Amino acid sequence: MHSEKRLPCWEEKIKKELAHLEEISQKRELVSTVCAEQPWLTINGCRMLNLASNNYLGYAGDERLKKAMVDAVHTYGAGATASRLIVGNHPLYEQAEQALVNWKKAEAGLIINSGYNANLGIISTLLSRNDIIYSDKLNHASIVDGALLSRAKHIRYRHNDLDHLEAFLKKSPIEARKLIVTDTVFSMDGDFAFLDDLVRLKERYNAMLMTDEAHGSGIYGKHGEGYAGHLHLQNKIDIQMGTFSKALGSFGAYVVGKKWLIDYLKNRMRGFIYSTALPPAILGAIKTAIELVQQEPERRSLLQKHSEHFREELTNYGFNICGSRSQIVPIVIGENEKAMEFAARLQKEGIAAIAVRPPTVPENEARIRFTVTALHDKKDLDWAVQKVSIIGKEMSVVE
């Protein structure tokens, strides 16, 4: 008798974990999407209203960004040649970073390959084993991972609970290097950090303050410079990080601050030192997007108008929108399976909105995360609200 061939132990364990994810409705799949930069997209051949995109101002499909990319390819070639510290620092980097610094009114700035890479690299470079990081409970996963990589003591305070944060700060050694880090616009709830209070606490307890403007860049501030700029606090925040991949319609991330900070990151941040430079086309789009976002405040105004209307309508129907005050508008469903069913029914009705499940959000707080853009039409948003409300009532999410 031949014995049955058994799977290797590691393969069996991984497959069991995958099966478990499927059982609890947390297994994820990639879906091919066409025209995702537009207000209406196509998934599996079906046309749907796009309420899942981070293309908040509509620049991802803008012809001016496309032209900038083509021009950059014609001038500098299609791909990067090496890391920036070798021979990858072509002139477009200098032009884009100068545009960034002028826009953010900072001493210096650095373009980094992605938002995840930026948070991972900045935090793990500036903090080490004997330091302390204070992070909002709802901060992005890249902030959490940066804290873990740093090996610093990682303290997560309750979301926007400044008393809880201060209680921790009071216990910290005076001589310890301390970093308070927060999203400015929280990616799953759509609410804002209390930056005024965070600035006061960082000054009182001699801490550094870092903000992640991924969902604020381009949208807030007189020239779209971000939520910190909107509050006139940019000069009081030590490390400002953000992305070009959302409202600015391109790709990549940035960090701005004092010149010494940027010089230090250039010399110590492993994710910067050992990464291939961005392709010229991306930098051409970044530079153009920075210029356009300062010249077209009407896009921000329209986005704010659409977002406020959408939030009010969903609230009037009784949905829990997590205190959202931005273009990110979630509705809490609860159980994973119920959220997946809600999303499937929305897609059947012609609305592309994604179910967000743990570990991205807390257990039993699975939700549908809607995102509004400046390209949306009010009548389409009203139509979507009607569909959402009908499904919500039928599924007993609202009365």
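Restricting attention to region 369-386, and to residues there that are charged (D, E, K, R) and touching a strand residue (DSSP E or B) at 6+ places or on another chain (Cβ under 6 Å), which single residue is nearest to residue 323 (Cα to Cα)? Talk me through it step by step, then tell me what you get.
First, pick out the residues of region 369-386 that are charged (D, E, K, R): 369, 377-380, 382.
Keeping just the survivors that are touching a strand residue (DSSP E or B) at 6+ places or on another chain (Cβ under 6 Å) gives 369, 380.
Values: 369: 13, 380: 23 Å.
Among them, the one singled out is 369.
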Discussion item. Could you check region 239-262 and list, in sequence order, the residues that are open to solvent by 20 Å² or more (accessible area, probe 1.4 Å) and either modelled with pLDDT under 95 or more than 11 Å from residue 113 (Cα to Cα) (or both)?
Written reply: 246, 250, 258, 259, 260
Worksheet item: If a residue has to be at pLDDT 95 or above, charged (D, E, K, R) and buried (at least 19 other Cβ atoms within 10 Å of the Cβ) to count, how many in region 301-358 make the cut?
Response: 1
Practice prompt. Sort through 398, 372 and tell me the only one that's of a type in the set (Val, Ile, Thr) and surrounded by 17 or more Cβ atoms within 10 Å (Cβ to Cβ).
Written response: 372
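Residue by residue, here is whether (1) closer than 23 Å to residue 327 by Cα; (2) in contact (Cβ under 8 Å) with a residue 40 or more places away in the chain holds:
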position: 155; (1), (2): no, no
position: 194; (1), (2): yes, no
position: 206; (1), (2): no, no
position: 209; (1), (2): no, no
position: 233; (1), (2): yes, no
position: 238; (1), (2): no, no
position: 241; (1), (2): yes, yes
position: 253; (1), (2): yes, yes
Worksheet item: Has region 83-106 got any residue that is out of contact with any strand residue (DSSP E or B) (no Cβ under 9 Å at 6 or more places or on another chain), in a loop (DSSP other than H, G, I, E, B) and open to solvent by less than 80 Å² (accessible area, probe 1.4 Å)?
Response: yes
Discussion item. Yes or no: region 263-282 includes at least one residue that is open to solvent by 10 Å² or more (accessible area, probe 1.4 Å), closer than 20 Å to residue 95 by Cα and part of a strand (DSSP E or B).
Written reply: yes
Fill in: Some residue of region 16-27 being at pLDDT below 90 and touching an Asp or Glu at 6+ places or on another chain (Cβ under 8 Å)
yes
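Restricting attention to region 34-78, which residues are open to solvent by less than 40 Å² (accessible area, probe 1.4 Å) and assigned to a loop (DSSP other than H, G, I, E, B)? Reasoning before the result, please.
Going through region 34-78, the residues open to solvent by less than 40 Å² (accessible area, probe 1.4 Å) turn out to be 39, 41, 43, 48-53, 55-59, 61-62, 65, 68, 72, 77.
Listed by number, the residues that qualify are 39, 51, 52, 53, 55, 56, 57, 58, 62, 77.
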Practice prompt. Could you give me the residue pairs with C-beta distances under 9 Å whose first residue belongs to region 119-148 and is surrounded by fewer than 23 Cβ atoms within 10 Å (Cβ to Cβ), whose second residue is assigned to a helix (DSSP H, G or I) and among the acidic types (Asp, Glu) wherever it lies, and which are 6+ apart or on separate chains?
Written response: 124/145
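Sort out for me the strands (runs of 3 or more DSSP E) sitting completely within region 134-247 that have 2 or more residues that are among the aliphatic types (A, V, I, L, M). Before the answer, list the steps.
Working: elements: 153-157, 178-183, 208-212, 239-243.
Output list reads 178-183, 208-212, 239-243.
The values are calculated or read from the model by the stated rules, or taken from the named source; none is laboratory data. Every value quoted in this text rests on a predicted model; they were computed, and no experiment measured them. Backbone-built Cβ (ideal geometry, glycine too); neighbour counts: all protein chains shown. Just the protein is used for accessible areas: all its heavy atoms, side chains included, with ligands, DNA and RNA removed. Shrake-Rupley method; radii C 1.70, N 1.55, O 1.52, S 1.80 Å.
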